[in-house]
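Data first, discussion second: the structure below is written as structure tokens.
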Amino acid sequence: MADSTTQQRPLTGWDKPDLDLSNAQWQSSSRGLGDVQIAFVEGFIAMRNSGRPQSPSLIFTPAEWGAFVSGAREGEFDLT
């Protein structure tokens with residue numbers, strides 16, 4: 001089991017900045033459903049699990065976010 005004090009190392013090939021999310025304005029879905037929150041920070045989109053806000057956030061470029069949202073709207077991630 002990992003020690004909770006262990007520092008996380010950056011991912012190899014990670015091309016996104018280390019954003020300061022401490023003052024991010026997190027938003028939930030308009031319906032308030034689910035555990036996902038997003039914040040727009042320094043031209044990037046951060047996404048986190050609202051049930052575990054201390055966990056690492058995913059960081060998307062605007063193009064990546066657009067592709068993700070389009071895929072979700074088209075059912076790409078639906079269970080079949």
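Quick notes
- Going through (1) in a loop (DSSP other than H, G, I, E, B); (2) modelled with pLDDT of 90 or more one by one, THR6 falls short only on (2).
- Scan of region 40-55 for residues that are within 8 Å of the chain's Cα centre (by Cα) and open to solvent by less than 30 Å² (accessible area, probe 1.4 Å), ordered by number: ILE45, ALA46, MET47
The values are calculated or read from the model by the stated rules, or taken from the named source; none is laboratory data. Quantities reported herein were computed from a predicted structural model and do not represent experimental measurements. Note: accessible area is taken over every heavy atom of the protein model, side chains too, but ligands, DNA and RNA are not part of it. Shrake-Rupley method; radii C 1.70, N 1.55, O 1.52, S 1.80 Å.
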